[in-house]
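*Asks:* The structure follows.
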Amino acid sequence: MMQLAETLKEVAPMSAASIFQQEWRLYRKIVDHNYAFHREAYGRLRLALDEDARRPFRFLDLACGDAASAVDALRGAEVASYCGVDLSAEALRLASRALAELPCPVSLRRGDFVEALAMRSEPVDVIWIGLSLHHLRRSAKLPALRAARKLLHERGMLLVYENTSPDCEDRDGWLRRWDLQEPDWTGLTADEWRRMTAHVRTYDFPETVSGWRDLGREAGFGSVLELFVAPGDLFRLFGFRP
């Protein structure tokens, strides 16, 4: 979802600042209206942290955006450190403000989360990726998951909330179900829905439930558990444990 800027660049030539502002307004509308069930997903993240995370935990937030939802999930938790990675300098500026309330060391890094995973050597206890890993094809998801596995403490966990199909469904089937949401997304204008759908059709590559589990095993994880299914079953949250 954070790659909306690429879609906007194709729609009209704009300055970088204008692209960010237009992209961000649309992204915030989707979050604020809870169309992708961010509230439930981050609530489930917090439950997993409370029940299963090693304490205090080092938290790596990939494609963190403005980190507002992460702050809500981490408030009051035993966080040893927070590191956020995002391509957008403007998003990181907003994240810096939001994260100021966390009582732990905070670091923010600008860059591609796949490259950040590959280059990082410092271990972490929890890695979170929300609605970003599905932008990669399967052949690129696997090395990203392998890199995440190498960074995790043996009692750590990788949590991903991503576009997911039932095992009987292909990408075209998932996209057809995506299109069925349009009447319910009343908070978006027709142009905003068109831009969002153009982004999804260009950049989104769901995996099946079995596909995520297979990727986890191939990446070296000992278990992959399904923790949350969003209403409408377009998105699911999985926990990968060493």
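*Asks:* Could you order peptides 165-171, 65-71 by the average number of other Cβ atoms within 10 Å of their residues, highest first?
*Replies:* Top of the packing list down: 65-71, 165-171.
*Asks:* Sort all Cα-Cα distances of the chain into consecutive 10 angstrom bins from zero, then give the percent of pairs in each bin up to the one containing the longest distance.
*Replies:* Result returned by the calculation: 7, 33, 39, 19, 2.
*Asks:* For the chain, what does the relative contact order come out to in percent, with C-alpha contacts under 8 Å and a separation of six or more?
*Replies:* 21 percent.
*Asks:* In terms of modelled amide H atoms, which long-range or inter-chain residues lie less than 5 Å from the amide H of residue 208?
*Replies:* 165
*Asks:* Another question about this same structure. For the residue pair residue 189 and residue 153, what label-to-label distance in nm results when each label sits 7 Å from Cα along the Cα-to-beta-carbon direction?
*Replies:* Placing both labels 7 Å beyond Cα along the Cβ direction yields 4.8 nm.
*Asks:* On to the next question. Can you pull the percent of the chain's accessible area that's carbon plus sulfur, 1.4 Å probe, other chains left in place?
*Replies:* Percent of accessible area from carbon and sulfur atoms in the chain: 51.
*Asks:* I would also like to ask the following. For residue 227, enumerate residues with amide H under 5 Å from its amide H, sequence gap 5+ or separate chain, H modeled in the peptide plane.
*Replies:* Here the answer is 237, 238, 239, since their amide H atoms fall under 5 Å of that of residue 227.
*Asks:* Charges at C-beta only: +1 for Lys and Arg, -1 for Asp and Glu. How large is the resulting dipole of the chain about its Cα centre, in Debye rounded to 20?
*Replies:* Once rounded to the nearest 20, the dipole reads 580 debye.
*Asks:* For the peptides 27-38, 111-122, what is the packing order when you average, over each peptide's residues, the other Cβ atoms within 10 Å and list the highest mean first?
*Replies:* The packing order, highest mean first, is 27-38, 111-122.
*Asks:* Report the net charge of residues surrounding residue 154, where surrounding means a beta-carbon distance below 12 angstrom and charges are Lys +1, Arg +1, Asp -1, Glu -1.
*Replies:* Once all neighbours under 12 Å are counted, the net charge is +4.
*Asks:* Per residue, how large is the accessible surface of the chain? Use a 1.4 angstrom probe and give square angstrom.
*Replies:* On a per-residue basis, the chain sits at 44 Å².
*Asks:* Within a Cβ distance under 13 Å of residue 28, other residues only, what is the Lys/Arg minus Asp/Glu net charge?
*Replies:* -3
*Asks:* What list of ³J(HN,Hα) couplings, whole Hz, do you get for the stretch 231-242 from phi and the Karplus terms 6.51, -1.76, 1.60, once you set θ to phi - 60° and write x for glycine and proline?
*Replies:* Those phi angles translate into x, x, 6, 9, 10, 9, 10, 10, x, 9, 10, x Hz.
*Asks:* Rounded to the nearest 5, what is the percent of antiparallel bridges among the DSSP beta bridges in the chain?
*Replies:* Bridges in the chain that DSSP calls antiparallel: roughly 35 percent.
*Asks:* Under 8 Å for C-alpha pairs, at least 6 residues apart: give me the relative contact order for the stretch 106-160, rounded to a whole percent.
*Replies:* Across the stretch 106-160, relative contact order equals 49 percent.
*Asks:* Next question, about the same structure. Under a plain spin-label model, where a point goes 7 Å from the Cα along Cα-to-Cβ, how far apart in nm are residue 205 and residue 46?
*Replies:* The answer from the label model is 3.4 nm.
The values are calculated or read from the model by the stated rules, or taken from the named source; none is laboratory data. Note that the structure is a prediction, hence the values are computed from the model and not measured. As a convention, Cβ positions derive from the backbone with ideal geometry for all residues, glycine included, and neighbour counts pool all protein chains shown. Accessible surface areas use protein heavy atoms only, side chains included; no ligands, DNA or RNA. Shrake-Rupley method; radii C 1.70, N 1.55, O 1.52, S 1.80 Å.
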